[in-house]
Amino acid sequence: MPWIDEERCTGCGICVQDCPVNAINMRDDRKAEIEMNECIRCGRCHSICPQNAVRHDSELIPKEIKENIKWVKGLMEYHKTAKEKKEFIGRIKKHFNKEKTVAEKTLVEIKALED
Ligand code: SF4
Ligand code: SF4
């Protein structure tokens, strides 16, 4: 999913004009913003931005991991005994393993669409 680096965006509006489905809005502070539910992932904004402000999803991986860990640590507070903590960690691992399985199996089905 593309996203816009606010530090780089100069508010020129080129991407807003070029998006084929009007998925990019210009905020009041002159920073472009992508409406994720509208974006069809055509990649045009990546190519056209003169500031390289439209960034790739993969760059968010470290941030998302950090957010996940923060979430897990927050939930951990509710589990006081060593036994509770251990059981909780087991459940959280199952949660992320399930997410991983969904992603892996989805990728297999997407690969089939290419063939
Ligand atoms: S083209 Fe780039 S710099 Fe211009 S508004 Fe879009 S994201 Fe910002
Ligand atoms: S990837 Fe395409 S549809 Fe999505 S915001 Fe960029 S130009 Fe619009």
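The values are calculated or read from the model by the stated rules, or taken from the named source; none is laboratory data. Computed from a predicted structure; not experimentally measured. With ideal geometry, Cβ positions are generated from the backbone for all residues, glycine too; neighbour counts draw on all protein chains shown.
Could you please find all residues in region 62-102 being among the hydrophobic types (A, V, I, L, M, F, W, C) and surrounded by fewer than 10 Cβ atoms within 10 Å (Cβ to Cβ)? Hit for region 62-102 is Ala82, nothing else. Taken together, the residues in region 60-95 that are more than 20 Å from the chain's Cα centre (by Cα) and under 30 Å from Ile4 (Cα atoms) amount to 2. Checking Arg30, Arg44, Arg8 one by one, the residue that is of a type in the set (D, E, K, R) and either more than 10 Å from ligand 1 (Cβ to nearest atom) or modelled with pLDDT under 95 (or both) is Arg44 and no other.
Being without any contact (Cβ under 8 Å) to a residue 24 or more places away in the chain and either more than 12 Å from ligand 2 (Cβ to nearest atom) or hydrophobic (A, V, I, L, M, F, W, C) (or both), is that true of even one residue in region 46-58?
We begin by selecting, within region 46-58, every residue without any contact (Cβ under 8 Å) to a residue 24 or more places away in the chain; these are 47, 58.
Retained after the next criterion (residues that are either more than 12 Å from ligand 2 (Cβ to nearest atom) or hydrophobic (A, V, I, L, M, F, W, C) (or both)): 58.
Yes, the conditions are met somewhere in region 46-58.
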